[in-house]
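What follows is a set of notes on a single structure, which appears directly below.
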Amino acid sequence: MSRRIAVPVEVYRGQITDLTRECLIAARLVARDEDEVVAYVFGEIPDHGNSALQLADRVVTLENGQVSQPVALAQAKLLCSKLDRKDTELVLVGSSSWGLDVGPLVAAFWGVPLVANCQGLERRQASLWATCRICAGKLLVDVEVGAQTAVVLLLPGSFLRKEVTPRATQPVMEKESVSSQEWDARVRFQRWIEPQREDVDITQAEILVAVGRGIERQENLEVAEELAEVLGGVVCGSRPVVDQGWLPPTRQVGKSGMIVKPKLYLAMGISGAPEHVEGMKDAELIVAINRDERAPIFHVAHYGIVADLFDVIPALKEALVARRQEA
Ligand SMILES: Cc1cc2nc3c(=O)[nH]c(=O)nc-3n(C[C@H](O)[C@H](O)[C@H](O)COP(=O)(O)OP(=O)(O)OC[C@H]3O[C@@H](n4cnc5c(N)ncnc54)[C@H](O)[C@@H]3O)c2cc1C
């Protein structure tokens with residue numbers, strides 16, 4: 001029987017997010033020949049949005065003056081009213097701050113299961129299986145998505161590099177108008193608030209030396225500062241380091257911090273929790289130092305060093321200084 005895999009499209013500042021593209025890739029990979037992948041766009045399709053949307057069989061734009069406002073409650077309600085639950089096998093939503101609102105709301109409105117922290121999705125014979133992170137990313141579990149309909153929250157980076165065969169034909173484009181009754185106006189979007197940037201802008205740095213809880217205490221940041229200086233980079237950190245007040249909030253990388261894409265990201269004493277990885281997974285080169293060989297940061301690192309950072313940093317600094325003197 002033909003079923004639908006629905007992907008609500010997240011648009012941030014006029015761009016379809018990379019995470020939405022990942023959801024469409026995942027949808028494509030699990031869709032059977034008879035299934036239909038449908039992307040739901042709230043408002044107009046942004047410029048440059050088409051390449052991600054090419055992965056869908058059908059693109060539905062939901063239109064009235066308000067729907068593009070990032071108001072999860074109203075958007076989730078709208079999605080539920082426009083989608084037929086019985087025909088829908090999956091609603092695949094990116095695990096961004098927007099998706100973390102929209103996905104659970106859809107699951108709650110429909111009374112269907114929510115599969116969170118999903119980093120893998122595959123069809124094994126007739127069943128759909130999800131691989132999910134639990135215990136802050138320290139463990140993975142395989143779960144069978146047994147329900148007729150389910151909402152899956154996909155972690156960023158999970159399908160980024162997965163290959164998918166391009167569709168031979170263009171997606172069918174549809175427009176659906178939204179009446180004012182269909183839009184829940186109880187929550188209203190007001191404005192974007194830009195964070196203050198008095199400090200170094202880590203989003204612009206080419207080399208980042210990132211420290212996590214493994215740095216142990218504020219005084220130890222000095223070794224990271226020294227290494228950053230030799231490398232010509234900037235020190236940043238995970239949330240616990242910022243929460244402790246050892247680094248300012250402007251230096252926090254991750255979901256509730258900055259999204260960075262440096263040429264080199266040196267992660268030291270950072271476990272690699274999904275909320276941190278969300279902010280740095282797109283760095284060109286990731287080198288992780290952690291004394292726990294099972295630390296999830298090694299899943300995203302291009303190079304991993306299983307060692308004590310207090311042994312590695314001085315040795316690395318010494319080698320860099322020696323090389324500079326030779327040159
Ligand atoms: C809604 C929400 C938003 C969040 N936003 C963010 C965010 O923006 N950014 C963020 O970073 N986190 C965020 N978090 C927190 C996140 O879940 C993790 O708790 C956090 O990233 C863990 O930081 P960490 O890796 O530094 O610490 P830990 O998880 O405690 O890891 C420390 C690591 O250091 C290693 N280590 C210890 N000593 C040494 C040593 N001497 N040498 C080498 N390795 C050593 C350990 O093996 C361990 O892997 C958020 C959480 C929530 C719920």
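The values are calculated or read from the model by the stated rules, or taken from the named source; none is laboratory data. These numbers were taken from a predicted model, which means no experiment stands behind them. So basically every Cβ, Gly included, is an ideal-geometry build from the backbone, and we count neighbours across all protein chains shown. Side chains are part of the model used for accessible areas, which takes the heavy atoms of the whole protein and leaves out ligands, DNA and RNA. Shrake-Rupley method; radii C 1.70, N 1.55, O 1.52, S 1.80 Å.
Please tell me if V60 is over 19 Å from the mean Cα position of the chain (by Cα), open to solvent by less than 20 Å² (accessible area, probe 1.4 Å) and not assigned by TED's automatic domain parsing to the domain that holds G254. So V60 fits the description; yes.
Whenever a residue of the range 91-108 is over 16 Å from A39 (Cα atoms), it has no partner that is assigned to a helix (DSSP H, G or I) and acidic (D, E) lying with C-beta atoms less than 6 angstrom away and at least six residues away or across chains. Among the residues of the range 138-162, write down those that are open to solvent by less than 10 Å² (accessible area, probe 1.4 Å) and not β-branched (V, I, T). Correct list: A150, L153, L154, L155, F159.
Considered as a group, the residues in the range 196-245 that are near the ligand (Cβ under 10 Å from one of its atoms) and among the charged types (D, E, K, R) include one that is surrounded by the most Cβ atoms within 10 Å (Cβ to Cβ), and that residue is R239. In the set (1) open to solvent by less than 50 Å² (accessible area, probe 1.4 Å); (2) farther than 28 Å from E293 by Cα; (3) within 16 Å of the ligand (Cβ to nearest atom), P249 fails one condition alone, (1).
Highlighted here are the helices (runs of 4 or more DSSP H) found entirely within the range 1-104 that include at least 1 residues which are acidic (D, E) and more than 25 Å from V187 (Cβ to Cβ): 18-30. Restricting V200, V242, V223, V230 to those that are on the phi < 0 side of the Ramachandran plot and assigned to a loop (DSSP other than H, G, I, E, B) reduces the list to V200.
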